[in-house]
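Notes to accompany the following structure.
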Amino acid sequence: MLIKRASDLKYSDITPREDYVNRRKFLYGLGLAGGLALAGKGVADLVSPSIRAYANTKLSASSPNPFDTTEKVTPYQVVTTYNNYYEFGTDKDQPARNAQKFVTSPWTVSVEGEVAKPRKFTMDEILKLAPLEERIYRHRCVEAWSIVVPWIGYSFSTIANLVEPTPKAKFVAFESYFDRKQMPLWDRAGIQLPYVEGLRLDEAMHPLTMLTVGMYGETLPNQDGAPVRMTIPWKYGFKSIKSLVKIKFVKDQPPTTWNITNAHEYGFYSNVNPNVDHPRWTQAREVRLPGYFKNTKTLMFNGYGDQVASLYNGMDLKKNY
Amino acid sequence: MNSILTSKWTKVVVFLACLIPAGLLIRGAITGNLSSNPTQFLEHATGDWTLRFLAITLAISPLRKILGQPQLIRFRRMFGLFAFFYVFCHFCIYLGLDQVLDFHGVWADVMKRRYITVGFTGFVLMIPLAVTSTAGWIRRLGGKRWQMLHRLIYVSAAAGVIHFYWLVKSDVHLPLEYAGVISVLLAWRIYNWYTNPKRGTAIPKMERKSSAPAISD
């Protein structure tokens, strides 16, 4: 996508290549933070969108991981062209096209609420908070399809512990980035935006719950929630909020987007549960993409019951769907 | 214009054109280009084409009148049968790939889930229309009764739109667009009956033996 007609070539079209390399260093944390941060800002101004869209940066992460599933990893092509990201269109193939120009640098995540040390984290800081791990998780969408993804990141508890939640903190509320200018299809989404999600504190602090910065060895593509998202593998996919900008520790159960949209169909917990059907389809089976047959048995807690079932001891999961 | 409409070759061309969506889907299945969720893609595509062919079929009568082209009636049965062809594919994909031939599961869906109840009803109501689409059946039933029976297409079209509307998670724009088109086509009939109470929809005079292809003759 670097090839341009000669008449279109300007200085600003030539430089980004170097800046783009600089940006890699920036993301790797190899350069001088200050100067390169400027370069990073420069990239946002100079790089033509098509270039930035393809600037997936390699991330080095440890593997294998004790949480890894041994199932076959879903092809990258599938995971990057079949997305629910309503801010960029409600058709599955729309986010891959419409999120190409989405500017994800610079980026900060504000961590606030019932915490002793509220603060804002830059993307650069988030990438260095803890050693990056690759974790191969099953991902089960509420729409009864599933994929297997090698995410990159670390347990959410890492960032939570840094801000020191107070005893008042019982839940964590998450918020996605929202910008009408960059997301012109927002008004067709049919959901309230910005997208918000939430977890009980013990769910958020569970080691499986992941703050995710990459997948398939690279930074996240825009349509998959760049630059940073949540991954909660035992819950339906919509709980794993994308393009995270705010994390707030709160006293009461926070509102969540799909629950606001249709409380009858989407509960706060939304744990993967083959015994509780969606009102409009069975949740007992799923189609493992890119397959044709919806004949994969859905597992309780998406197969993570050994790790998380104890979180819900004594709870009626039919009522708390 | 009239000679084009009455030409048997026009019918052949239209027939082949109606098969293009099916052809593209088969090609997509062979080349692996039906998105990352091919079953859902096939369900949506065949559902879309069912609604489109229902709309085209329902547009024939208004167009005959408005354009003054009564010969358009020659294509109505073909379009109606293509609507049935695509809804039949739609149902088979749901049955075979989505439900993996679990008939019990299908019945549970039909009874339990209103969008499937209404969609299934619309589909079932189209079966007698497809069966009685021949000249022989028009004779056997008599024009008046045949016409009454075939008004079931109004129910099926409405059911199809409601099925789609209830199916989507939040973005109802597309179902509402279909609802708009179908509503206009049905409203025209009400208007037509009101202003022209004697003349209902046309009962086709079937040519006795046509060399033009038809699906279920």
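The values are calculated or read from the model by the stated rules, or taken from the named source; none is laboratory data. Please read all numbers here as calculations on a predicted model, not as lab measurements. Cβ placement follows ideal geometry from the backbone for every residue including glycine, while neighbour counts extend to all protein chains displayed.
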So B:Ser133 passes all but one of these: (1) within 14 Å of chain A (Cβ to nearest Cβ); (2) closer than 30 Å to B:Val13 by Cβ. Which condition number does it fail? (1)
Here is a check on your reading of the model: is A:Glu87 away from chain B (no Cβ under 14 Å) and acidic (Asp, Glu)? no
The condition of being within 14 Å of chain A (Cβ to nearest Cβ) and touching a residue at least 40 places away in the same chain (Cβ under 8 Å) holds, among B:Ile153, B:Ile162, only for B:Ile162
Please work out which residue is nearest to the other protein chains (Cβ to nearest Cβ), limiting yourself to region A:196-230 and to residues that are under 22 Å from A:Glu164 (Cβ atoms) and part of a helix (DSSP H, G or I). A:Glu203
Is one or more of the residues making up region A:253-275 in contact (Cβ under 8 Å) with a residue 60 or more places away in the chain, more than 22 Å from A:Val172 (Cβ to Cβ) and assigned by TED's automatic domain parsing to the domain that holds A:Cys141? no
Across region B:29-54, what is the number of residues that are within 26 Å of B:Val14 (Cβ to Cβ) and small (Gly, Ala, Ser)? 3
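For A:Val213, are the conditions met, namely being β-branched (Val, Ile, Thr) and buried (at least 22 other Cβ atoms within 10 Å of the Cβ)?
yes
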Subset of region B:1-33 that is within 14 Å of chain A (Cβ to nearest Cβ), assigned to a helix (DSSP H, G or I) and of a type outside the set (Gly, Ala, Ser) - its residue that is nearest to B:Val181 (Cα to Cα): B:Leu25
Mind telling me which of the residues B:Val100, B:Val168 ends up being touching a strand residue (DSSP E or B) at 6+ places or on another chain (Cβ under 8 Å), surrounded by fewer than 20 Cβ atoms within 10 Å (Cβ to Cβ) and within 11 Å of another protein chain (Cβ to nearest Cβ)? B:Val100
Scan region B:108-130 residue by residue and report those that are β-branched (Val, Ile, Thr) and away from every other protein chain (no Cβ under 14 Å). B:Thr121, B:Val124, B:Ile127
Determine whether region B:34-56 contains at least one residue that is over 26 Å from B:Ala157 (Cα atoms), in contact with a Ser or Thr (Cβ under 8 Å, 6 or more places away or on another chain) and within 14 Å of chain A (Cβ to nearest Cβ). yes
Show me the helices (runs of 4 or more DSSP H) entirely contained within region A:90-195 in which 2 or more residues are within 14 Å of chain B (Cβ to nearest Cβ). A:94-98
Return yes when A:Asp306 is charged (D, E, K, R), in a loop (DSSP other than H, G, I, E, B), assigned by TED's automatic domain parsing to the domain that holds A:Thr209 and over 30 Å from B:Leu34 (Cα atoms) and no when it is not. no
